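Below is one structure, written out as structure tokens; comments come after it.
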Amino acid sequence: QVQLVESGGGLVQAGGSLRLSCAASRRTFSSYALGWFRQAPGKEREFVAGISWSGGNAPYPDSVKGRFTISRDNAKNTVYLQMNSLKPEDTAVYYCAARSGVVSTSPWVYDYWGQGTQVHVSS
């Protein structure tokens with residue numbers, strides 16, 4: 001089992017920045033691929049960033065490309081999502097997820113999920 005706990009969400013004005021963190025409970029964290037997803041009310045869960053166990057990134061979707069950056073610190077069992085130039089359409093609950101396979105953009109293949117952290121971007 002892997003427990004994931006997100007933090008860092010909040011209210012920010014458009015154009016601002018936030019850094020989300022996701023701390024994992026398991027010592028084998030370094031062998032897991034990690035993803036960040038978001039879900040706005042009435043919408044499907046959307047992939048925003050992913051990183052392999054070795055640190056390679058999955059391609060960012062156009063909606064966040066150039067603004068969001070995923071990184072991981074295996075020594076701290078933590079994955080980060082740096083979000084810059086935030087827009088009101090980035091408002092959503094953000095989730096981190098882990099899987100023991102390769103990094104994927106599909107939420108269906110991830111085995112473990114955090115509880116989510118709310119991000120609200122005001123215009």
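When you scan region 78-89, how many residues do you find that are open to solvent by 50 Å² or more (accessible area, probe 1.4 Å) and over 12 Å from the mean Cα position of the chain (by Cα)? The number of residues fulfilling the criteria is 5. Within the set A92, A97, A58, A75, the sole residue that is of a type in the set (A, V, I, L, M) and open to solvent by 20 Å² or more (accessible area, probe 1.4 Å) turns out to be A75. Selection within region 102-118: residues that are in contact with an Asp or Glu (Cβ under 9 Å, 6 or more places away or on another chain) and outside any loop (DSSP other than H, G, I, E, B). The member of this set that is farthest from P61 (Cα to Cα) is T117.
Within region 100-123, the residues that satisfy the criterion of being among the β-branched types (V, I, T) and surrounded by fewer than 18 Cβ atoms within 10 Å (Cβ to Cβ) are V102, T105, V109. Under the condition of being within 18 Å of W113 (Cα to Cα) and either assigned to a strand (DSSP E or B) or aliphatic (A, V, I, L, M) (or both), the residues counted in region 74-101 number 12. Contact annotation: residue pairs with Cβ atoms under 7 Å, 6 or more positions apart or on different chains, pairing a residue in region 99-123 that is at positive phi with a partner that is crowded, with 17+ Cβ neighbours inside 10 Å, are G116/E6; G116/V93; G116/Y94; G116/Y95. Among residues of region 55-71 that are more than 16 Å from A97 (Cβ to Cβ), those with a Cβ under 7 angstrom from a residue that is surrounded by 11 or more Cβ atoms within 10 Å (Cβ to Cβ) and modelled with pLDDT under 95, sequence gap 6+ or separate chain, pair up as G55/R72.
In a strand (DSSP E or B) and out of contact with any Asp or Glu (no Cβ under 9 Å at 6 or more places or on another chain), is that true of V5? Considered against the rule, which asks whether it is in a strand (DSSP E or B) and out of contact with any Asp or Glu (no Cβ under 9 Å at 6 or more places or on another chain), V5 comes out as yes.
The values are calculated or read from the model by the stated rules, or taken from the named source; none is laboratory data. Just so we're clear, the structure is a prediction, and the values are computed from it rather than from any experiment. Cβ coordinates were reconstructed from backbone atoms using ideal geometry, including for glycine residues, and neighbour counts include every protein chain displayed. These accessible areas exclude ligands, DNA and RNA; they are computed on the full protein's heavy atoms, side chains included. Shrake-Rupley method; radii C 1.70, N 1.55, O 1.52, S 1.80 Å.
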